[in-house]
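Below you'll find the structure, written out as structure tokens, and then a few comments.
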Amino acid sequence: MKNSLFILLFLTLGCKKLPDYTLSKENPEINKSRKATILSAFFGLDNAMPLKSMGIWSKAPGKDGMPLVFSHEIDPATLNQQVFKITTQKGDRLNVAFATFKPAIEAFELRTILLIGKFGNAPDNEPKEVEIIGDLKTRDGQNLKGQKIMVTPLKDGPFISYAEYFSLANDYPFIEKGAGCDCPKTETKTIVRTVWAGGVKALNGKELGKSELTSFTISIIQNADTIKVHPFLIADIDDNDNNIDLCIKEEGTPILVEVKGNIAIDPRGDKNSNTKLKIIGRW
């Protein structure tokens, strides 16, 4: 029987209240030349938000949870549950009760929004589509109003929705220790951030780590050649969000990340399938 506790994604530590979010000081200029889109809508939990989710919203327990991932960071001033509309398989048009960035609230993570409410029931009337019906803007001013996306069914496992690479510059908001800590500065040349459609942990329910390193393959352009490498460490873990950082020690430009199937599970215990995605540069 699958574990329905929402312990893998969008869950606070105990009943401690998380801060609302941390907005990065810089908005990557390159985003202005990229069209902003909604990348995924993942039906994560059906009537199964746990008691601990009261730390996110007092009325969350027992409701549905659906994370959305976007190509760009969202302007926090425009986040409002009223801009979203859910359509079910039977055509019901449903409102969203609550929308939040939590727990993906660190700098450069504000591209995931968790929707909470009643979105239909599996398997007969699951949510089918999410539509943005109001003004929801990115940090660079693009308006996502009018965009729609099909919802990943409850039974499906997690996959990578977005991937980018960056380096640890001197002004980077570095987290050295504790939950969500970054790749080590001295060994890391490049970081590949993978943003999953839903939260992931290893098959044993623990954080992704040493046993999963060779299941991640990154293609890197190195001079005139393309090489394939594995991360030497997995970082930004143990903070209950859907951002997983892959620490790379080789020089070069990452262009593709591939992940073997059956190495990670979502909050219900659904396993991932083989997933791969093009990596873009943050800057």
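Laid out as a table, the results:
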{"item": "Computed E for Lys25/Lys189 - FRET, C-beta separation, R0 25 angstrom, nearest 0.05", "result": "0.60"}
{"item": "Centre separation in Å (Cα based) which lies between the stretch 196-239 and the stretch 250-278", "result": "7"}
{"item": "Amide proton proximity set for Arg282, modelled H, under 5 Å, gap of 5+", "result": "Tyr165"}
{"item": "Net lengthening on full extension, Cys181/Lys249 (0.36 nm per residue, minus Cα-Cα)", "result": "22.8 nm"}
{"item": "Radius 15 Å from Cβ of Gln142, net charge of other residues (Lys, Arg +1; Asp, Glu -1)", "result": "+2"}
{"item": "Two-site label geometry, Ser211 and Gln81: point separation in nm, points 7 Å out along Cα→Cβ", "result": "3.8"}
{"item": "Cβ charges +1 (Lys, Arg) and -1 (Asp, Glu), total dipole of the chain, debye", "result": "600"}
{"item": "Amide H contacts under 5 Å for Leu136, placed H, 5+ residues apart", "result": "Leu144, Lys145"}
{"item": "Contact order normalised by residue count of the chain, Cα under 8 Å, 6+ apart, percent", "result": "20"}
{"item": "Normalised contact order of the stretch 29-150, rounded percent, pairs of Cα under 8 Å and 6 or more residues apart", "result": "28"}
{"item": "Point-charge dipole on Cβ atoms (K/R +1, D/E -1) for the stretch 160-281, about Cα centre, debye to 20", "result": "400"}
{"item": "From phi via Karplus (6.51, -1.76, 1.60), per-residue ³J(HN,Hα) for the stretch 101-116 in Hz, x at Gly/Pro", "result": "7, 4, x, 7, 10, 7, 4, 6, 9, 7, 10, 10, 10, 8, 9, 10"}
{"item": "Dipole in debye (nearest 20) - the stretch 50-150, about Cα centre, beta carbon charges: Lys, Arg +1; Asp, Glu -1", "result": "260"}
{"item": "Positive-end residue of Gly198, Tyr172, Tyr21, charge dipole of the chain with Cβ unit charges", "result": "Gly198"}
{"item": "Whole-number percent relative contact order across the stretch 160-281, with pairs defined as alpha carbons under 8 Å at least 6 apart", "result": "31"}
{"item": "Computed Kirkwood radius, in angstrom, where 1/r is averaged over Cα pairs of the chain", "result": "19.0"}
{"item": "Under 24 Å from Lys85, Cα to Cα: lysines that are on another chain or at least 8 residues apart", "result": "Lys35, Lys59, Lys63, Lys102, Lys118, Lys128, Lys137, Lys145, Lys148, Lys155"}
{"item": "Calculated on alpha-carbon atoms, Rg and Dmax of the stretch 160-281 in Å", "result": "13.7, 44"}
{"item": "Between the stretch 148-183 and the stretch 99-137, the alpha-carbon center distance in angstrom", "result": "16"}
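Computed from the coordinates by the stated procedures, all read-outs in this text should not be read as laboratory data. Because the structure is predicted, anything quoted here is derived from the model rather than measured. Positions of Cβ are generated from backbone atoms using ideal geometry, with glycine treated the same way; all protein chains shown enter the neighbour counts.
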